[in-house]
Amino acid sequence: MESIKLGLLGLGVVGGGTWNVLQRNAEEISRRAGRQLEVVQIAVRDLAKARARVGHDVVITDDAFAVVNNPEIDIVVELIGGVTLARQLVLQAIDQGKHVVTANKALLAQHGTEIFEAASAKGVMVAFEAAVGGGIPIIKAIREGLTANRIEWLAGIINGTTNYILSEMRSRGLTFDQALAQAQQLGYAEADPAADVLGHDAAQKLTLLASMAFGIPVQYSRAYIEGITDVQDQDIQIAERLGFRLKLLGITRRRADGIELRVHPTLIPSQSLLANVEDAMNAVLVNGDAVGQTLYYGKGAGEEPTASAVVADLVDVTRLHTADPGHRVPHLAFQPHSMADIPVLAIEQVRCGYYLRMTVSDQSGVLAQIAGELAKFDISIGSMIQEPADQGTATLIFLTHVAMERDINEAIGAIETMAIMRSKVTRLRVETF
Ligand code: NDP
Ligand code: HSE
């Protein structure tokens, strides 16, 4: 059978890895796909660098539109990143009747609805396994493997850069900046690492997962996002002594009144599986009503782990290339006409446990005052410790039972006005799953 023709947009970390895997495993891949996968054109900015990497058998261009408009190409592989140009290229490829494989979560989180609608109208596929969890086949698992389940919630470490930073800060005492520089060197971080450390990258991935888990539209703008830039080293250390570990988690949960959709630093029990996902590794814990909890673990970033997912999509698309579009797996797991408009809850409506750290004047009655203020808002204290502090002051740490974020905010507001306070209240969310 004639080979399927690929056009690569980008030959950077992921594009380069994809090229390597396609060359090295060509025979195995074609045995699986049923035909050869042949890269016929590549778009980059630096032609000489790309030529040195791939040799002279492939056409290289610095005009990405030449690839998406090339009539010979069946599948466009978008690995340029960014949103504006990537959106134009993907929509143009779809318009030209080409399938698209992309690793671009920023693009799909912001323009997924438009792109999937355009693809459905044209009868082409947009595959994006590499956009979430790098090499972990989490999209395949949610869209196909767990399809019998009513998914109740999922929680994941879905940004390798921040997991690497938090791991290095905790275990090797690196500063935030040192750990970030290493993550950049290792190719984990986005071109602009702000997307990683501010939580945007994780929220983009979570938005896609939530959409496929619950059959809701992609709603990135409704996600609550808090990154790790304000994380303080002392909280990582105190949490460790209390039996908790700090992770940047993406959490989405179905409740009777809506969907929780949130990314923030979270304390989880040190013994839990997620707490032991270290370095740049990713893991997603999914709770389905039939199967219970399942955990998906692996490398969430980097050249070949991400290429593994890109190539898996290429094989899937190749196998289904000639199938009736109506018989393909829907882009977002649910049939487009069956998507539900369940509201995404505001962060104030979220319920979880809380870690509250504050420095107070070391005098009698202080504990009672703070406990009294928490009680006014119906917040129950699970445990409390006092840590050494400067003379005349004490550092108090409270772990609360599950409470509503709005009540916690109001209680913190009231506590911070008390005369005994010597610091702001540091608040971290706690989950035990
Ligand atoms: P890189 O910056 O390493 O590579 C980008 C590539 O795109 C480069 O080859 C660059 O060319 C090319 N490029 C950029 N702009 C243009 C343009 N206007 N015309 C033609 N070519 C262009 O990015 P990554 O490989 O890290 O990321 C690519 C995508 O994969 C992003 O969406 C990212 O979010 C996603 N992703 C990345 C992961 C990772 O581990 N890095 C993991 C999962 C997803 P040149 O080489 O000449 O500069
Ligand atoms: N910058 C991302 C990360 C790459 O660190 O996880 C994978 O999407």
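The values are calculated or read from the model by the stated rules, or taken from the named source; none is laboratory data. All values reported here derive from a predicted model rather than from experimental measurement. Methodologically, a virtual Cβ is constructed for each residue, glycine included, from the backbone with ideal geometry; neighbour enumeration extends over all protein chains shown. The protein model used for the area step is the full one, side chains on, heavy atoms only, and it has no ligands, DNA or RNA in it. Shrake-Rupley method; radii C 1.70, N 1.55, O 1.52, S 1.80 Å.
Out of the range 254-300, which residues are charged (D, E, K, R) and crowded, with 24+ Cβ neighbours inside 10 Å?
Keep residues of the range 254-300 that are charged (D, E, K, R), which gives 254-255, 257, 260, 262, 278-279, 289, 299.
Matches in the range 254-300: 262 only.
Which condition number in (1) open to solvent by 50 Å² or more (accessible area, probe 1.4 Å); (2) within 16 Å of the chain's Cα centre (by Cα); (3) away from ligand 1 (no atom under 16 Å from the Cβ) is the one that residue 219 fails?
(1)
Filter the helices (runs of 4 or more DSSP H) completely within the range 186-305 down to those with at least 2 residues that are within 12 Å of ligand 2 (Cβ to nearest atom). Explain how you work it out, then say what you get.
Values: elements: 194-197, 200-214, 233-241.
Passing ranges, in order: 194-197, 200-214.
For the range 137-165, which residues satisfy the criterion of being touching a helix residue (DSSP H, G or I) at 6+ places or on another chain (Cβ under 8 Å), within 16 Å of ligand 1 (Cβ to nearest atom), within 19 Å of residue 277 (Cα to Cα) and not small (Gly, Ala, Ser)?
137, 138, 157, 158, 159, 161, 162, 164, 165
Considering (1) closer than 14 Å to residue 102 by Cα; (2) open to solvent by 20 Å² or more (accessible area, probe 1.4 Å); (3) of a type in the set (Gly, Ala, Ser), say which one residue 52 fails and leave the rest.
With (1) closer than 14 Å to residue 102 by Cα; (2) open to solvent by 20 Å² or more (accessible area, probe 1.4 Å); (3) of a type in the set (Gly, Ala, Ser) applied to residue 52, the lone miss is (1).
Starting from the range 47-60, keep only residues that are under 10 Å from residue 8 (Cβ atoms) and more than 14 Å from ligand 1 (Cβ to nearest atom), then list their pairs with residues that are open to solvent by 80 Å² or more (accessible area, probe 1.4 Å) and assigned to a helix (DSSP H, G or I) whose Cβ atoms are within a distance under 8 Å, requiring at least 6 positions of separation or different chains.
none
With respect to residue 156, is the statement that it is within 16 Å of ligand 2 (Cβ to nearest atom), at pLDDT 95 or above and not in a helix (DSSP H, G or I) true? Working first, answer last.
On the way: within 16 Å of ligand 2 (Cβ to nearest atom): yes; at pLDDT 95 or above: yes; not in a helix (DSSP H, G or I): yes.
Judged against the criteria, residue 156 is a match.
Identify, by number, the condition in (1) away from ligand 2 (no atom under 16 Å from the Cβ); (2) open to solvent by less than 20 Å² (accessible area, probe 1.4 Å) that residue 112 doesn't meet.
Checking residue 112 against (1) away from ligand 2 (no atom under 16 Å from the Cβ); (2) open to solvent by less than 20 Å² (accessible area, probe 1.4 Å), the one that fails is (1).
Check every one of the strands (runs of 3 or more DSSP E) wholly within the range 339-405 and list those with 1 or more residues that are aromatic (Phe, Trp, Tyr) and buried (at least 20 other Cβ atoms within 10 Å of the Cβ).
Where strands (runs of 3 or more DSSP E) fall fully within the range 339-405 and carry at least 1 residues being aromatic (Phe, Trp, Tyr) and buried (at least 20 other Cβ atoms within 10 Å of the Cβ), they are 351-361, 393-400.
Go through 229, 266 for me and flag whichever is farther than 22 Å from residue 147 by Cβ and without any contact (Cβ under 8 Å) to a residue 60 or more places away in the chain.
It is 229.
Run residue 285 past the list (1) touching a helix residue (DSSP H, G or I) at 6+ places or on another chain (Cβ under 8 Å); (2) closer than 30 Å to residue 35 by Cβ and report the number of the one that doesn't hold.
With (1) touching a helix residue (DSSP H, G or I) at 6+ places or on another chain (Cβ under 8 Å); (2) closer than 30 Å to residue 35 by Cβ applied to residue 285, the lone miss is (2).
Pick from the range 31-49 the residues that are small (Gly, Ala, Ser) and not in a loop (DSSP other than H, G, I, E, B): which of them is nearest to ligand 2 (Cβ to nearest atom)? Quick ask: steps written out before the conclusion?
Just the residues of the range 31-49 that are small (Gly, Ala, Ser), to begin with: 33-34, 43, 48.
Next, only the ones that are not in a loop (DSSP other than H, G, I, E, B) stay: 33, 43, 48.
On the way: 33: 25, 43: 21, 48: 27 Å.
So the residue we want is 43.
For the range 81-102, what are the residues that are open to solvent by 10 Å² or more (accessible area, probe 1.4 Å) and either in contact with a Phe, Trp or Tyr (Cβ under 7 Å, 6 or more places away or on another chain) or assigned to a helix (DSSP H, G or I) (or both)?
Hits for the range 81-102 are 84, 85, 87, 88, 91, 92, 95.
Look at the range 1-30 and say how many of its residues are more than 16 Å from ligand 2 (Cβ to nearest atom), open to solvent by less than 30 Å² (accessible area, probe 1.4 Å) and assigned to a loop (DSSP other than H, G, I, E, B).
Within the range 1-30, residues that are more than 16 Å from ligand 2 (Cβ to nearest atom), open to solvent by less than 30 Å² (accessible area, probe 1.4 Å) and assigned to a loop (DSSP other than H, G, I, E, B) number 2.
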